[in-house]
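See structure below.
The values are calculated or read from the model by the stated rules, or taken from the named source; none is laboratory data. Source: prediction; values computed, not measured. Just so you know, the surface numbers come from the protein's heavy atoms only, side chains and all, with ligands and any DNA or RNA stripped out. Shrake-Rupley method; radii C 1.70, N 1.55, O 1.52, S 1.80 Å.
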Amino acid sequence: NSYNKIKTDSDLNKIDISLIVIKGFIELYDKDVVSLSQNINLGVEGIFIQQNDKYAIFPPQIAIQENWDEIQMLQNLCFRNNFSMNCWKNNSTKLYKYEPISFISRQNKIINVYRTIPLIEQSSITKNKIYDSVIEAANWQLRMQKSDGSYEYYFNPSNGYYSQEDNLIRQALAAYSMARLYGFTKNDEYLLSAEKNIDFILTYMNKDNDIAYLTFDDASNLGMVAVMLLAILELPDYTKYKREIDLFSNFLLFMQREDGSFKTYYNSNQPDDFDFYPGETMLALVRLYKKTNEKRYLDAVEKAFPFYRNYFSKIKHTPFVMWQISTFSEMYEITKNREYADFVFAMADWIVNQQYDEKNALYPDFLGGFKDKSSVPTVSSAVYIEGIADAYQTAKIINDRERIKKYGKSLKLASRFILQLQFDEINSYNIQNPENVIGAIKESLISNNLRIDYTAHSIFALLKIYKVYDELGLYYHS
């Protein structure tokens with residue numbers, strides 16, 4: 001209609017033009033679901049189906065825009081072109097993949113894209129770029145805060161769906177990141193946001209004699225209380241929550257067993273979660289010791305150390321390392337007990353070996369990410385790098401130059417990957433309402449899904465990298 005016609009030069013400048021040049025087709029003979037999932041590189045390769053004299057084609061960006069996996073892409077390609085839903089399975093159907101050259105034109109600039117978005121080059125990362133990224137992420141979190149103080153938990157920008165599910169640990173993590181951002185920027189909006197969220201979470205507090213815990217979805221776990229304490233202790237005036245701090249800290253100590261381990265669920269027979277909750281708990285106890293100088297908090301962590309060191313020696317899980325590294329990095333700073341530093345290095349060395357670098361990155365956008373259960377690296381990479389950043393500080397204290405160099409390189413590579421996952425004004429060109437995503441960190445290279453902890457963890461990671469970024473050039477050159 002006439003309303004949508006281009007009328008002025010300014011209208012033309014608002015238009016993004018996406019062009020795809022097809023280089024050639026590779027036939028996919030094996031139509032087994034597992035084989036296709038392994039052989040189609042989502043976002044990089046498009047799909048072409050030929051059925052007798054009819055054909056249909058999807059460019060690579062469709063799967064990313066719609067948050068489809070490989071099979072969903074094939075089914076929708078069939079359906080949208082009036083074929084049967086599973087036409088790709090038919091013996092008479094020929095199935096091809098192709099890898100195009102893609103670029104977009106914006107305001108007279110040609111921008112090459114990879115997996116539908118501009119590929120960030122390592123050489124383009126600067127300290128200022130990291131700072132801007134952190135602020136954009138923080139401002140997105142502000143926009144996602146609701147009137148009751150909670151943050152929107154999950155958003156799928158491909159269909160505009162906001163989930164009604166929630167998670168108090170992740171809510172508290174977002175408050176923790178906003179409180180940390182206030183300390184970094186002195187922006188009162190961030191402090192107010194953190195306090196509003198903390199007050200929201202406290203509505204789920206239950207008191208039992210001299211302990212208090214949080215109950216959500218009929219569960220009371222250790223992690224909710226631990227991360228809540230971390231958020232509160234990050235506030236400049238944390239003492240106004242003194243009553244809650246005392247009750248919550250009593251709860252953490254109450255949950256410790258004689259062997260040093262922590263029961264991770266209160267009034268429940270659920271099996272313990274050794275990967276997340278104990279690390280969060282011990283870090284909260286270390287921070288309590290720093291604030292109060294009460295030795296009982298330090299004693300509890302020292303008592304727990306042999307148990308969790310032994311656990312890691314037998315079972316190595318990536319979710320375990322970040323909180324544990326942060327805990328025992330700070331424990332080493334306090335006590336100078338070399339066993340704590342050695343445990344930090346054992347975990348950091350192991351997780352660094354999971355990172356994609358110039359030698360093992362399967363695709364250029366993998367660079368700086370970490371191997372994952374997914375076919376591509378995900379935002380979990382930001383979680384791991386939080387721990388590596390703390391291990392880097394421990395290596396500096398000890399003057400372990402080999403590890404300083406190794407961890408420094410890891411931090412620099414990771415900054416590139418995290419920024420690759422962040423929505424900005426350019427790479428949100430295929431999102432219907434870009435104002436809903438700009439600044440947020442998405443789930444992975446192939447998933448646009450947004451969750452509050454994805455951005456919160458990325459804020460922590462980028463802040464830690466920012467603070468040491470000037471040093472990293474001494475240890476790693478891209």
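For segment 158-173, the Karplus equation 6.51 cos²θ - 1.76 cosθ + 1.60, evaluated at θ = phi - 60°, returns couplings of 6, 10, x, 7, 9, 6, 8, 6, 7, 8, 5, 4, 6, 4, 5, 5 Hz by residue, with Gly and Pro reported as x. Relative to the compact globular guide of 2.2 N^0.38 Å, what is the alpha carbon radius of gyration of segment 141-298, as a ratio? After normalising by residue count via 2.2 N^0.38 Å, the value is 1.05. Taking amide H as placed 1.01 Å from N in the peptide plane, Tyr151 has its amide H under 5 Å from the amide H of Lys146, each at least 5 places away in sequence or on another chain. Helices in the chain, meaning DSSP H runs of at least 4 residues, each add -39500 (n - 2.57). Divided by all residues, the mean residue ellipticity at 222 nm is -16000 deg cm²/dmol.
For segment 265-279, the Karplus equation 6.51 cos²θ - 1.76 cosθ + 1.60, evaluated at θ = phi - 60°, returns couplings of 10, 9, 6, 8, 9, 4, x, 5, 9, 7, 7, 9, 4, x, x Hz by residue, with Gly and Pro reported as x.
Compactness ratio for segment 154-244: Cα radius of gyration over 2.2 N^0.38 Å (N = residue count) comes to 1.17.
In this structure, the amide hydrogen of Thr264, modeled 1.01 Å from its nitrogen in the peptide plane, lies closer than 5 angstrom to those of Asp273, counting only residues at least 5 positions away or on a different chain. At a probe radius of 1.4 angstrom, the accessible area of the chain per residue rounds to 45 square angstrom. For the chain, with all protein chains in place and a probe radius of 1.4 Å, 46% of the accessible heavy-atom surface sits on carbon or sulfur.
Can you check how the C-alpha radius of gyration of the chain compares to 2.2 N^0.38 Å, as a plain ratio? Please report the intermediate quantities before stating the final value.
Working: Rg = 24.4 Å, N = 478, 2.2 N^0.38 = 22.9 Å.
Cα Rg divided by the expected 2.2 N^0.38 Å: 1.06.
Size of segment 147-197: Rg and Dmax of its alpha carbons, in Å, are 12.4, 36.
Phi-derived couplings, Karplus 6.51 cos²θ - 1.76 cosθ + 1.60 at θ = phi - 60°, listed residue by residue for segment 65-78: 4, 8, 6, 9, 8, 4, 6, 4, 5, 5, 4, 6, 5, 5 Hz, with x used for Gly and Pro. At each listed q (0.15, 0.20 Å⁻¹), what is the log10 of I(q)/I(0) that the Debye formula gives for segment 422-478 modelled as equal alpha-carbon point scatterers? Here log10 of I(q) over I(0) equals -0.56, -0.80. In this structure, the amide hydrogen of Gly369, modeled 1.01 Å from its nitrogen in the peptide plane, lies closer than 5 angstrom to those of Tyr356, counting only residues at least 5 positions away or on a different chain.
Using the Stokes-Einstein relation with a Kirkwood hydrodynamic radius computed over Cα pairs, the translational diffusion coefficient of segment 64-105 at 20 °C and a viscosity of 1.002 mPa s comes to 181 µm²/s. Compared with the dominant principal axis of the Cα atoms in the chain, helix 127-143 is inclined by about 90°.
The share of alpha-carbon pairs in segment 44-120 lying farther apart than 20 Å comes to 37%.
Each principal axis of the Cα cloud of segment 343-462 was evaluated for its coordinate range; sorted largest first, these ranges are 50, 27, 22 Å.
Entry note: segment 231-313 has Rg to Rh equal to 0.98, where both radii use alpha-carbon atoms and Rh is the Kirkwood radius.
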